[in-house]
Each structure stands twice: as structure tokens, then as C-alpha cells.
Amino acid sequence: MSALTKLALRNLLRHRRRALIAIFSVAFGTAALAVASGFIAGMFADFREATIESQYAHIQITRPGYHENGLADPERYLLPNDAAAQSLSALPHVRAWGPRLGLTGLVSHGESTLSFVGEGFDPAHDLTGDRSLKIIRGRRLGATDYDQVLLGKGLAMLMGVQAGDAVVVLVDTPASGLNAIDAKVAGVFESMSKAYDDSALLVHIQAARKLLKVDGAHRWLVYLDKTDNTSRVAETLRAHFGAPQFEVRTWDQLAEFYRRAVDLFQQQLAVVRFIVVAIILLGISNTMMMSVMERTGEIGMAMALGVRPRILLGQFLLEGALIGLIGSLAGLTLALMIGWGIDVLHINMPPPPGLTRGYLAHLLFTSTTAVEAVLIGVGSTTLASFYPAWRASRMIIVDAIRHNK
């Protein structure tokens, strides 16, 4: 430890009360920032994984232009049969993959007939967890349930159907003809999105192909072991399934609502950062100014003994930086304690607007959060100390010595 650091610590210990007040100010400010950052990070980590599992998967492989024009002309964007994608299972980090075939039409039960937006999927590999679809009545589709369907909660409620009821599914085939199948409702599900549940119908991929009289799928959905591996695997897939025949997109390229929500909360978090920095700047600058005024005679004596102005400037800046470092570390400790308490209490949060499920409150602390808190704490206190330190270094020696006499 350098002599200047020892001197800065000694000066802080000489004025314990003022130093503690400044440290507590920094600690509470950085704790508030860390808790806000951790809460938002935890919320979006849960939201991200639910969005991936329930809607987009980690990666999608389609024909080029499908996401822009596929709804208007789905037949044009059909992928080849599943054999062309069997190599996906052998790629590193790939947990599972499954074909998806989109279809729209009418579903009837008794006198009720409603339109639906549906998909055919492979129950053996796709939508296997409660994070994606929560079955609230009945059961999931099995690998051989070719004549059964799953209905969204809203659609089932509007039609008045329960698990086990018979329905008729009617679609318009690409050849401009009608086709229908008799099916039973295997179960009623609830996803993350209420709008999706109000019109969703899911069938076995083989039943969907029979209805549409096509072979293949519109999308191949790829699920990974970890979301962090998405970019790496996407690059590998682009090498295998590249243009002009295929297009590979990651979940973050598709989840526009998620991106907008993240941007909104990041802007709100920026406001919190600004408030925290403003509070620290005001508090520390006042504390350091009081320190300069009380130590004016001491500063004059030091300068008379040959201490250079830049040394005095560095000393006061270092004192401010130490206050910021100690305060930010204390704030991080306080934030970790708050996070532990929230985990112990198991606080259930209400669902965000437009979604159907709430989530368990959790503070997700990352190395970025810790570094950000320390940098803000140290940076703001150092900045707040600059003017008082500059003023101290510019004092006239004789006036400074006479100040307290």
C-alpha cells in the first residue's frame, strides 16, 4: 500500500462520522441500483427462456422470406421432408429439434364453429416442458396421437369444449380444396400469451400433413442445451443450411416484443442510474467540500512544507475513490442479502401485460452488475471530489495557514 493511500485512509478514520455518512450514501445508492438491475435481469431471464420454449425455439430454419411472406403464401415456403434435417441431432449443443407446419381453418364442436391458427408438431421431440405449454386440463399429445388435438385455453373456453370432446378440424388445402378430420381434444393448454391461447390449435405433424396434403414443414425448430450457445450454433447451421435454399434465424431476431420490452426497461434502468449518480455526486461533493474547509490550515501547512498541488489533488481524489469503493462493496453486500431474502420468501409476481403467467421474483446478479455498481460508486465519488480537491490544490499558502486562526 502506497504512502498516499495510507494517508487517505488515515484522513477518513480521523473523520469517522462524516466518512461513514458518505459511505452509507454510496452503499444505499449502489444497493438500490444493483437490486433494480438484478430484478430486471432475473425477470427477463425467465421471460427469455419462456419465450424461447413456447414460441420461437433457440434457432429456426426456414425458406428465405418465410417470416415476411409465409402467411400469405405458405405453400411456396415448404421445406423438404424431415430426412434433410436429421443431421441436426448430431450437432454439438443441440438438445432437440422438431418440424413445424402451419395451418389455419375452422374447428367445430356441436353448434360452435370458430377460426383457429394452428401448427403441426412432433410430440416426441417438441413442446416437452411446462415452461412452454402448461396443460391445465387433459394431457399432452403422444407420439402416435394422430387423431387428437390440443386447444388453447381461450379457444376451448369460447367453444365450450373439455378434454375428451370430439371436434371437426377443417382447413383449406394449397390446392384450393377443403379437407377435414374428426379428432378428439386430448388437452387444453395455457401458454405465456393470452392472444395466442385465444386462437391456438396444435395437432400431430402427420395429421397436419394429411390435412394439407403436403410433405415437409414450414419451419425446423432447434432447441439448445444453453441459450448462451445460440450464436455459435447458428453460425454452424448457416454453414450447413445456407442461402439461397435456407435461412437461419435466432430467437432474438424473431422475438420483437421481447426486444422492445428489454429496451423499455433498459431506459427505465438508465433513469435509476442517473438518479443514483446525482445523489452520490451531491452528497459526496458536499462532504468533500466540508473536509477541505475543515482542513484548510492543514493544507496550507502541507504546501508550506513543499507538498506539491498535484499531490494534494491526488490525495483528495483518492479519499473520494476510497469512499466510493468501500460504499459500493457494502452496497453489493446489502444487495446480495436482499436477493437472498427474496429467494427465501418465494415472492410470486403478477403476469406482465399481455401474458398469462406470473413469475417468481428473483435477483439475478452477474459480474456485469457488480462491475457496474463498483464503477458507478467509485467514478461518481471521484468525480464529486474533483472540484473540492482542485480548490484545495489552488489555495494560497499564507491564506490557508491563517484560515483557522
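Listed values, structure above:
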{"quantity": "Percentage of interatomic Cα-Cα distances in the range 191-299 larger than 16 Å", "calculated": "79"}
{"quantity": "Added length on full extension, which subtracts the Cα-Cα distance from 0.36 nm per residue, residue 333 to residue 282", "calculated": "16.0 nm"}
{"quantity": "Residue 91-residue 245 FRET efficiency (beta carbon distance; Förster radius 22 Å; 0.05 resolution)", "calculated": "0.75"}
{"quantity": "Residue 5-residue 275 FRET efficiency (beta carbon distance; Förster radius 35 Å; 0.05 resolution)", "calculated": "0.70"}
{"quantity": "Residue-normalised accessible area of the chain, expressed per residue, 1.4 Å probe, Å²", "calculated": "50"}
{"quantity": "Whole-Hz couplings from phi, Karplus 6.51/-1.76/1.60, listed for the range 303-318; x for Gly and Pro", "calculated": "5, 5, 7, x, 5, 6, x, 5, 5, 4, 4, x, 5, 5, 5, 5"}
{"quantity": "Mean separation of Cα contacts under 8 Å, 6 or more apart, over the residue count of the range 88-213: relative contact order %", "calculated": "33"}
{"quantity": "Trypsin sites (Lys or Arg not before Pro) within the range 173-282, DSSP loop, no more than 15 other Cβ atoms inside 10 Å", "calculated": "213, 226"}
{"quantity": "In order through the range 199-211: 3J(HN,Hα) via Karplus (6.51 cos²θ - 1.76 cosθ + 1.60), integer Hz, x for Gly, Pro", "calculated": "9, 8, 9, 10, 10, 5, 4, 5, 5, 5, 5, 5, 5"}
{"quantity": "Taking the C-alpha atoms of the range 90-199, convex hull volume expressed per residue in Å³", "calculated": "117"}
{"quantity": "Dimensions (Å) - the range 1-66, Cα atoms, principal axes, largest first", "calculated": "71, 25, 17"}
{"quantity": "Residue 175 versus residue 340: modelled label distance in nm, points set 7 Å from Cα along the beta carbon direction", "calculated": "6.9"}
{"quantity": "log10 of Debye I(q)/I(0), alpha-carbon scatterers only, for the range 1-152 at 0.08 Å⁻¹", "calculated": "-0.48"}
{"quantity": "Lysine pairs meeting the criterion (Cα under 27 Å, 8 or more apart or interchain), as found in the chain", "calculated": "12"}
{"quantity": "In the range 37-117, the GluC sites (Glu not before Pro) that fall in loop regions by DSSP, at most 15 other Cβ within 10 Å", "calculated": "111"}
{"quantity": "Karplus 3J(HN,Hα) series, Hz, for the range 24-30 with 6.51 cos²θ - 1.76 cosθ + 1.60 (x for Gly, Pro)", "calculated": "5, 4, 5, 4, 5, x, 5"}
{"quantity": "Estimated inter-spin distance, residue 305 and residue 67, nm [label 7 Å along Cα→Cβ]", "calculated": "6.8"}
{"quantity": "Pairwise label distance in nanometres, residue 210 with residue 117, each label 7 Å out on the Cα-Cβ vector", "calculated": "2.7"}
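The values are calculated or read from the model by the stated rules, or taken from the named source; none is laboratory data. Values in this document were obtained by computation on a predicted structure and should not be read as measured data. Glycine gets a Cβ as well: all are built from the backbone with ideal geometry, and neighbour counts include every protein chain shown. The protein model used for the area step is the full one, side chains on, heavy atoms only, and it has no ligands, DNA or RNA in it. Shrake-Rupley method; radii C 1.70, N 1.55, O 1.52, S 1.80 Å.
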